[in-house]
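Please treat every number below as a calculation from the coordinates, not as lab data. From a predicted model like this one, the values you see are computed outputs, not experimental measurements. Please note: Cβ atoms are built from the backbone with ideal geometry, for glycine as well, and neighbour counts cover all protein chains shown.
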Amino acid sequence: MRTYSIQAQLLAGTVALLLAVLGAAAWLGFDAGQDEAEELFDARLATSARVLAALLGMDGKVREGLTDPVIVALPAPLETAVHDAATPLGHHYETRIAFQVRDARGGLLMRSSSAPQAPYAPLEVGFSNQRFDGRSWRVFTLRSGELWIHAADSDAVRNELSGKIARATVAPLMVGIPLLLLLLGLLTRYGLAPLAELARQIARREPGTLAPIELARTPPEVAPLVESLNGLLERERRFTADAAHELRTPLAAIKIHAQNAARASGEAQRDASLGRMLAAVERSSRLAAQMLAFRRATAPHGHLAAQRASMRQVLEDALEEVSPALKERAQKIAVTTAPAEDDIFIHGEHEKLVSLARNLLDNAIRYAPAGSAIEVSLHLQPRTVVLSVADDGPGIPPELRNRVFEGYYRIPGTAGEGSGLGLAIVREIAGQHGAHVDIGEARPGRGTRITVTFPAIVPSR
Amino acid sequence: MRILLVEDDELLGSGIVDTLSRAGHVVEWLKGGPLGLAALQGSEFEAVILDLGLPGMDGLDVLRRARAAGNKTPVLVLSARDAPGQRVAGLDAGADDYLVKPFDVDELIARLRALQRRLRGSASNVLEHGALRLDPAAGSVLHEGRPVVLQRREFTLLHRLLSSAGQVLTRAQLEESLYGWDGNVESNALDVHVHNLRKKLYPGVIRTVRGVGYVADPPP
């Protein structure tokens with residue numbers, strides 16, 4: 001779908017709406033004007049007819065024996081004038097106003113020069129519309145004694161008036177539209193300025209800058225965007241800061257043992273310092289490896305639903321990775337799977353799932369006593385696939401079971417040199433796979449059991 | 001010097017203990033906040049090295065509580081928190097110095113000496129006591145300009161007595177300074193060191209206060 005600029009959309013929408021409203025206003029104005037003019041002109045036509053009838057009546061009967069009808073002429077200049085202004089002689093529009101006087105049998109007695117020779121209308125009283133000379137005429141017919149009087153005017157006069165009324169209604173609006181558009185343009189630009197500034201700030205940003213974005217003006221519509229951007233930046237910054245912080249202590253340990261070794265007063269002292277330095281180096285490299293693993297775990301993932309991972313293979317790979325540590329600690333791992341023969345698949349990414357399983361196993365190996373047994377189980381249930389790892393270690397107190405998922409969190413007083421990232425990695429990967437992680441006890445009051453429940457693949461029909 | 005180290009990291013802590021004890025100091029190492037606070041309040045130290053990220057109680061809380069209880073022992077905070085605001089928070093909580101990890105061992109020791117110097121209100125590390133001159137940085141003692149060779153514990157004992165010249169120190173205080181908590185002290189070991197110091201320097205350098213302990217009288 002094509003996306004249009006917000007400003008263009010607002011302007012186009014407003015213009016369309018405005019034109020519709022203006023059109024309606026103009027049409028209504030024209031219509032109302034025409035109605036009013038109609039009524040006014042009709043009244044005047046009727047009045048003219050009555051005045052004419054009264055005048056002819058005062059003169060007694062229309063002169064008998066009249067052979068030719070009397071023609072009331074207009075002053076010549078008015079016949080040919082083209083402009084609409086009034087003159088001392090009268091008005092050019094008089095050519096469009098006409099009358100006829102006829103006797104009882106319909107014979108023409110008198111007419112204005114603008115009126116035709118032929119009868120204007122049938123001999124019926126009242127208003128009617130007639131066509132003459134290619135023009136529409138409004139005719140009022142009056143009967144006064146023996147006389148029929150037609151008073152008429154042409155539509156052109158009426159339309160011109162109502163047109164003028166409509167134009168007068170619309171004209172100020174026509175001037176207003178461009179002004180309004182200009183104002184609207186400025187307003188939308190002002191309103192969208194925070195978005196524009198946001199874009200500018202992001203564009204100007206040095207790569208690697210993690211300082212939060214701050215706008216001079218943050219309207220409520222833009223605030224959620226800025227907040228979530230800053231949330232992302234904050235997470236990134238915290239990770240970097242935490243990483244630097246976490247590396248300081250092992251580095252300090254390496255340095256002090258190195259310096260102690262350099263100025264040892266005997267071989268025994270030097271060897272002791274070198275041995276500890278080596279341990280500190282190993283711990284640092286493990287920490288760095290875990291940091292990278294956490295990074296990889298949080299990296300954007302592909303479309304997981306489109307991938308299938310064999311959980312049996314995942315477990316096998318993870319077990320192989322931890323086998324040296326397992327041997328060193330003289331521990332044993334017992335694996336049970338159900339169903340025992342068939343492989344179990346879930347939607348997911350093999351590498352990440354191996355990382356998840358390896359971290360679970362690492363924790364068990366690190367915290368369970370040397371020589372103890374670790375139980376791993378993989379079960380396919382109707383709707384879920386459940387992976388669980390249980391050890392004989394000191395266990396995780398219930399009040400800390402949420403905290404252990406935080407990056408770099410270590411249970412106070414714990415022996416061993418965990419990075420504090422293992423369970424953070426587990427939860428991250430589990431979350432990406434739509435799985436949830438539960439921490440419990442391996443046996444009542446003893447040990448730790450961590451259970452990861454994945455959604456099973458729904459068989460397609 | 002008798003130093004309390006509160007640090008939860010096994011490898012770093014052992015390194016600091018090695019460094020300081022090889023430099024002739026007695027180090028008590030505790031790994032938790034509450035334990036550290038209890039030790040600080042129940043025992044005498046010439047300096048404290050305090051980590052901040054401690055299990056049980058944060059180092060800053062340990063510091064605030066000790067200061068609130070009137071403890072004046074010089075405290076050097078050792079921390080991975082290096083932002084200026086965090087240093088300010090540490091100093092404001094009552095730290096006398098703030099060292100960011102990783103650090104140089106010589107700097108750590110020099111800063112500890114500086115804390116001692118400040119405690120005495122002196123401009124120099126060197127302790128002058130009549131014809132005696134003790135330089136803790138060099139680990140040397142001069143008597144009337146002549147160098148005197150002392151054993152490590154003899155030096156530590158002399159340093160302790162001269163640092164508090166004129167003040168009677170109990171046998172228990174001196175033994176703690178020399179051996180710490182877990183040193184196996186023979187009952188007359190302290191007397192042997194005092195005897196040797198009197199022989200190597202001059203008899204009046206240390207006066208016995210019967211039933212209490214020893215004192216280095218201020219020179220006339």
| Cβ neighbours within 10 Å from other chains - mean over B:43-55 | 1
| query | With contacts defined as alpha carbon pairs under 8 Å and 6 or more residues apart, what's the relative contact order of the stretch B:127-215 in percent? | reply | 26 percent
| message | Pick from B:Asp51, B:Asp135, B:Asp96 the residue whose mean-square fluctuation is largest in a GNM of chain B, springs joining Cα atoms under 10 Å. | response | B:Asp135
| task | Check cross-link reach from B:Lys72 to the lysines: straight Cα distance under 25 Å, and skip same-chain residues fewer than eight apart. | result | B:Lys31, B:Lys101
| said: Per-residue Cβ counts within 10 Å, from other chains only, averaged over B:72-85: what number is that? | reply: 2
| message | Using alpha carbons only, how many angstrom separate the centre of the stretch B:158-197 from the centre of the stretch A:1-47? | response | 107 Å
| query | Gap in Å between the Cα centre of the stretch A:128-206 and the Cα centre of the stretch B:26-96? | reply | 84 Å
| remark: Scoring chain B by relative contact order with C-alpha pairs under 8 Å, at least six apart, yields a percentage of 16 percent
| Global geometry of the stretch A:208-323, whether rounded, prolate or oblate, following the gyration tensor of its Cα atoms and the 1.5 cut on a/c | oblate
| When you look at the Cβ of every residue in A:242-254, what mean number of other chain Cβ atoms sits within 10 Å? | 6
| task | Kindly point out which whole DSSP H helices in chain A project their C-alpha atoms 24 angstrom or further along the helix axis while averaging a Kyte-Doolittle hydropathy of -0.5 or above. | result | A:6-58, A:155-204, A:223-262, A:267-298, A:311-328, A:350-367
| request: With 10 Å bins from zero, work out the P(r) of the stretch A:93-140 over every alpha carbon pair and list the percent per bin. | output: 25, 62, 14, 0
| task | Please report how far the C-alpha centroid of the stretch B:105-132 lies from that of the stretch A:310-346, rounded to the nearest whole angstrom. | result | 60 Å
| request: Place a +1 charge on the Cβ of each Lys and Arg in the stretch B:2-120 and a -1 charge on the Cβ of each Asp and Glu, then give the dipole magnitude about the Cα centre in debye, rounded to the nearest 20. | output: 520 debye
| remark: Going fewest to most other Cβ atoms within 10 Å around each Cβ, A:Arg401, A:Arg111 line up as A:Arg401, A:Arg111
| query | How long is the gain from A:Glu341 to A:Lys164 if the chain were fully straight, where each residue apart is worth 0.36 nm and the alpha carbon distance is subtracted? | reply | 54.3 nm
| query | Taking amide H positions as placed 1.01 Å from N in the peptide plane, with prolines and chain starts having none, which residues 5 or more places from A:Leu421, or on another chain, fall under 5 Å of its amide H? | reply | A:Tyr408
| remark: With the charge dipole of the stretch A:216-365 built from beta-carbon charges (+1 for Lys and Arg, -1 for Asp and Glu) about the Cα centre, the Cα from A:Pro224, A:Ala252, A:Phe294 projecting farthest to the positive end belongs to A:Ala252
| field | Prolate/oblate/rounded label for the stretch B:2-120 (Cα gyration tensor, a/c 1.5) | value | rounded
| query | Treating the beta-carbon of each Lys and Arg as +1 and of each Asp and Glu as -1, no other charges, what is the dipole magnitude of chain A about its Cα centre, to the nearest 20 debye? | reply | 1280 debye
| note | Of the residues A:Ala430, A:Gly393, A:Thr448, the Cα lying farthest along the dipole of the stretch A:374-449 towards its positive end, which is defined by charges on the beta carbon of Lys, Arg, Asp and Glu, belongs to A:Ala430
| Cα gyration tensor shape for chain A, rounded if a/c is under 1.5, else prolate or oblate | prolate
| request: Report, in order of residue number, the helices in chain B meeting two criteria: a C-alpha extent of 24 Å or more along the helix axis, and a mean Kyte-Doolittle hydropathy of at least 1.6; treat each whole DSSP H run as one helix. | output: none
| Mean separation of Cα pairs under 8 Å and 6+ residues apart, divided by the residue count of chain A: what relative contact order is that in percent? | 10 percent
| request: Show me B:192-199, A:274-281, A:68-75 ranked by packing, highest mean number of other Cβ atoms within 10 Å first. | output: A:274-281, B:192-199, A:68-75
| remark: Least to most buried among A:Thr80, A:Thr453, B:Thr156, A:Thr14, by other C-beta atoms within 10 Å and fewest first, runs A:Thr80, A:Thr14, A:Thr453, B:Thr156
